[in-house]
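*Asks:* The structure that follows is given in the form of structure tokens.
The values are calculated or read from the model by the stated rules, or taken from the named source; none is laboratory data. Owing to the predicted nature of the structure, the values given are computational and were not obtained by experimental measurement. When we count neighbours, we look across all protein chains shown, and the Cβ atoms used for this are built from the backbone with ideal geometry, even at glycine.
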Amino acid sequence: MDIDRRSLMKGLLAGGALLALGTPSWAFADRPTRNPKRCLLFLGDNNVDDQFANGVRAACQEVEYDELEMMKVHGGLLSAPGTLVSLLEQTSGARWIAVMDDASAAVFQELARTSGGRFLSVGSHASVNDQACSLRHTWLTASSAQGVGGFLASRLIAARESFSITESFLNESSATSMPSGWSASGFSSYRRAGSDAMHLHCSGLSLLEGCAQLGLTGGEGWTPIPPPISASETVSRQSRQWVESVGYAVAASALGVNEVQEVCSTRAFVSRTFNPNPLRSTQRFVSFVMDL
């Protein structure tokens, strides 16, 4: 099929929690500061809070950022929206990392938008009872400079997880300013050119199988991307907790850690391990990175 950006965006939204938020009405940041002076972790009283926070702390420790502020709304955001409004008013100039359930996310994005929040990334994350692909992640990201997917893919493959990650960049950067491909051990990479170019990184699957996993028909029009000579993702600290890995990846991006940037509108990572983890319970949450 033709990769039309609008139709692909609709497909991504239909795939998870972003559907509950509706067509994105929030503003995305154009030129955010890479290294924020103030960073706040907001926990929406979800059952993933502790693991997500562990991953955020791990990223802070690696970059020697020791000024992380933390705020948790006990009882959930829906029970205390006024607390969030007050916090938004008090944290102008801060970069937020936030995690919450789908219902709270709809309220959060509206209150944040009203307060002048500009989003760097919005991610939908789910575990499902499916051995073929038990972890599924979808991101809308301001640009590849705020990319998150590569960080997460590198950690999940190191933990031998089966997963799919799709990340759509709302602002495509110039091809002259960055490397053109991403690389990590175990992945083969492909590019589908066009006005809305897409990169696909497969591990344990063929190109055709990777396309099928993402609901893309056929394997025509793809060309291999040779691994960059010096640009690749590395994993310095592994975790067997997938939620912790999400927290780490989101925080690494928020804190300005340099990820390999790709010249494309959309990129996807798909992995199938031949030693699948036991079936896990269904779990779903939303992550945000935003500047106030």
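The rows are residues; the columns are (1) at pLDDT below 90; (2) in a helix (DSSP H, G or I); (3) of a type in the set (S, T, N, Q).
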site	(1), (2), (3)
LEU78	yes, yes, no
GLY82	yes, yes, no
ILE97	no, no, no
ALA103	yes, yes, no
ARG113	yes, yes, no
VAL122	no, no, no
HIS125	no, no, no
ARG136	no, no, no
SER173	yes, no, yes
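*Asks:* Now for a separate question. Can you tell me how many residues within the stretch 121-170 are of a type in the set (Asp, Glu) and either under 12 Å from VAL250 (Cα atoms) or surrounded by fewer than 24 Cβ atoms within 10 Å (Cβ to Cβ) (or both)? Steps first, please.
*Replies:* Pass one, the stretch 121-170, residues of a type in the set (Asp, Glu): 130, 161, 167.
Next, from what is left, pick out any that are either under 12 Å from VAL250 (Cα atoms) or surrounded by fewer than 24 Cβ atoms within 10 Å (Cβ to Cβ) (or both): 130, 161.
Adding up the residues that qualify gives 2.
*Asks:* Report every pair of residues separated by at least 6 positions or lying on different chains whose Cβ atoms are under 8 Å apart, first residue within the stretch 217-237 and under 15 Å from GLN261 (Cβ atoms), second at pLDDT 80 or above and of a type in the set (Lys, Arg).
*Replies:* ILE225/ARG191
*Asks:* Scan the stretch 184-207 for residues that are in contact with a Lys or Arg (Cβ under 7 Å, 6 or more places away or on another chain), closer than 20 Å to SER154 by Cβ and in a loop (DSSP other than H, G, I, E, B) and jot them down.
*Replies:* Matches in the stretch 184-207: GLY204, LEU205.
*Asks:* Please enumerate the residues belonging to the stretch 8-62 that are at pLDDT 70 or above, outside any loop (DSSP other than H, G, I, E, B), farther than 25 Å from ALA80 by Cα and out of contact with any Lys or Arg (no Cβ under 8 Å at 6 or more places or on another chain).
*Replies:* GLY55, ARG57, ALA59, CYS60, GLN61
*Asks:* Among the residues of the stretch 66-85, is any surrounded by fewer than 16 Cβ atoms within 10 Å (Cβ to Cβ) and touching a residue at least 40 places away in the same chain (Cβ under 8 Å)?
*Replies:* Checked the stretch 66-85: no residue is surrounded by fewer than 16 Cβ atoms within 10 Å (Cβ to Cβ) and touching a residue at least 40 places away in the same chain (Cβ under 8 Å).
*Asks:* Of the conditions (1) among the hydrophobic types (A, V, I, L, M, F, W, C); (2) at pLDDT below 90; (3) under 17 Å from ARG136 (Cα atoms), VAL250 satisfies every one except a single condition; which number is it?
*Replies:* Among (1) among the hydrophobic types (A, V, I, L, M, F, W, C); (2) at pLDDT below 90; (3) under 17 Å from ARG136 (Cα atoms), the lone unmet condition for VAL250 is (2).
*Asks:* Does GLU233 count as modelled with pLDDT of 85 or more, within 24 Å of VAL122 (Cβ to Cβ), touching a helix residue (DSSP H, G or I) at 6+ places or on another chain (Cβ under 6 Å) and among the charged types (D, E, K, R)? Step through it out loud before you land on a result.
*Replies:* Numbers: modelled with pLDDT of 85 or more: no; within 24 Å of VAL122 (Cβ to Cβ): yes; touching a helix residue (DSSP H, G or I) at 6+ places or on another chain (Cβ under 6 Å): yes; among the charged types (D, E, K, R): yes.
So GLU233 does not fit the description; no.
*Asks:* Within the stretch 266-291, which residues are assigned to a loop (DSSP other than H, G, I, E, B) and either in contact with a Leu (Cβ under 6 Å, 6 or more places away or on another chain) or modelled with pLDDT of 90 or more (or both)? Quick ask: steps written out before the conclusion?
*Replies:* Going through the stretch 266-291, the residues assigned to a loop (DSSP other than H, G, I, E, B) turn out to be 272-282.
ARG272, the sole residue that qualifies.
*Asks:* If I ask for residues that are free of Cβ contacts under 8 Å to residues at least 60 places away in the same chain and closer than 23 Å to SER185 by Cα, which ones from the stretch 121-160 would you list?
*Replies:* Listed by number, the list holds a single entry, TRP139.
*Asks:* To continue, here is another question. Within the stretch 86-95, work out how many residues are among the polar types (S, T, N, Q), part of a helix (DSSP H, G or I) and in contact (Cβ under 8 Å) with a residue 40 or more places away in the chain. Show your work before the answer.
*Replies:* Of the stretch 86-95, the ones among the polar types (S, T, N, Q) are 86, 90-92.
Imposing the further condition that a residue be part of a helix (DSSP H, G or I) reduces the set to 86, 90.
Then keep just the ones that are in contact (Cβ under 8 Å) with a residue 40 or more places away in the chain; that gives none.
Matching residues across the stretch 86-95 total 0.
*Asks:* Which one is farthest from VAL246 (Cα to Cα), of the residues in the stretch 38-56 that are free of Cβ contacts under 8 Å to residues at least 60 places away in the same chain and touching a Gly at 6+ places or on another chain (Cβ under 8 Å)?
*Replies:* ARG38
*Asks:* For the subset of the stretch 107-120 comprising residues that are crowded, with 19+ Cβ neighbours inside 10 Å and either of a type in the set (A, V, I, L, M) or free of Cβ contacts under 8 Å to residues at least 24 places away in the same chain (or both), which member is nearest to CYS264 (Cα to Cα)? Outline the logic, then answer.
*Replies:* Within the stretch 107-120, the first condition is being crowded, with 19+ Cβ neighbours inside 10 Å, and the residues that meet it are 108-109, 112, 117, 119-120.
Among the residues that remain, those that are also either of a type in the set (A, V, I, L, M) or free of Cβ contacts under 8 Å to residues at least 24 places away in the same chain (or both) are: 112, 120.
Details: ALA112: 28, LEU120: 17 Å.
Checked the stretch 107-120; the qualifying residue nearest to CYS264 (Cα to Cα) is LEU120.
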